[in-house]
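Participant: Here's a structure for you.
What follows draws every value from the coordinates through simple rules; no lab data is involved. Quantities reported herein were computed from a predicted structural model and do not represent experimental measurements. A quick note on method: Cβ atoms are made from the backbone with ideal geometry, for glycine too, and the neighbour counts reach across all protein chains shown.
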Amino acid sequence: MSSHRSGGGSHRRHKKHQSSARDAPRPPSPAQILEETQQMLRELQVQSETYTTQYDYHVREARRLQIMMQSASEERALLSGSAAAVHATRQGRMVDHAEMEARREQLDGEIATLELSIQHYQNASASMNRLWQSVETEIRRLQEEIVALRSPLA
C-alpha cells in the first residue's frame, strides 16, 4: 500500500509539471508578430503625419512673422529723417521728431520680438523635421520587416 501511495504522488507531480508547461507563455506566432509589426507601422505613420502637420505649421508661422518683420523694417526705414520729412510734406503737415523717435523705438521693440519668435518657430520646425526623419527611418525598417515576415522563408 505504501508503494501505491508514492506512485500516486509521482503521478500527481507529473500532472502538475504538465500543467505548468502548458501555462508557460508561448512565443508569438509569425502571424502575431506580423500583426504587431503592422500595428506599430500604423501608429508610426500617424505620428509621421502629426510631425509633418506640426512642421508645416511652424514653417508657415516663421514665414508669416518674417513678412511682418520685413514690413516693420520697411516702416522703420521710412522713419529716417529725410523720408519722414518728404512723407510729412506730401501730407501737408510738419515732422514731429519726438513722435517719429517714439515710433522708431516701438518698431525696434516689435522687430526684436519678431526676431525671437521667428527663431523659435525655425527651431521648432527643425526639431519636427528631425523627429519626422527618425520616424520615417523606423517606418522604412518596419516595412522591410513586414516584407520579410510575409516572405515564404520566414
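Participant: Which distance in nm do the two modelled labels at Q91 and R63 give, with both placed 7 Å along the Cα-to-Cβ direction?
Facilitator: In this crude spin-label approximation the distance works out to 3.3 nm.
Participant: May I ask you to sort R103, R93 by Cβ crowding, counting other Cβ atoms within 10 Å and putting the fewest first?
Facilitator: Ascending Cβ contact count within 10 Å gives the list R93, R103.
Participant: Next question, about the same structure. Quick one: what are the phi-derived ³J(HN,Hα) couplings along the range 112-125, Karplus 6.51/-1.76/1.60 with θ = phi - 60°, whole Hz, x for glycine and proline?
Facilitator: Once rounded to whole Hz, the list reads 4, 5, 5, 4, 5, 5, 4, 4, 4, 5, 5, 5, 5, 5.
Participant: Take S80 and T37, extend 7 Å from each Cα along the Cα→Cβ direction, and tell me the distance between the two endpoints in nm.
Facilitator: 6.6 nm
Participant: Would any residue of the range 119-137 have its amide N under 15 Å from a label point 7 Å out along Cα→Cβ of T50? List them or say none.
Facilitator: So the set is 128-129, 131-136.
Participant: For a Förster distance of 41 Å, can you work out the FRET efficiency between the beta-carbons of I146 and N123, rounded to the nearest 0.05? Can you show the working numbers first?
Facilitator: On the way: r = 35 Å, r/R0 = 0.85.
Here the calculated transfer efficiency is 0.75.
Participant: I've got another one for you. May I ask you to sort R60, R90, R104 by Cβ crowding, counting other Cβ atoms within 10 Å and putting the fewest first?
Facilitator: In increasing order of surrounding Cβ atoms, one gets R90, R60, R104.
Participant: Which ordering of S125, S80 is given by a fewest-first count of other beta-carbon atoms within 10 Å?
Facilitator: Final ranking by Cβ density, sparse to dense: S80, S125.
Participant: Which shape class, rounded, prolate or oblate, goes with the range 85-154 when its Cα gyration tensor gives a ≥ b ≥ c as root eigenvalues, a/c under 1.5 marks rounded, and past that a/b bigger than b/c marks prolate?
Facilitator: It is prolate, given that a/c is not under 1.5 and a/b is the larger ratio.
Participant: I need the calculated FRET efficiency for the pair L131 and R104, taking r as the beta carbon distance and R₀ as 35 Å, to the nearest 0.05.
Facilitator: 0.30
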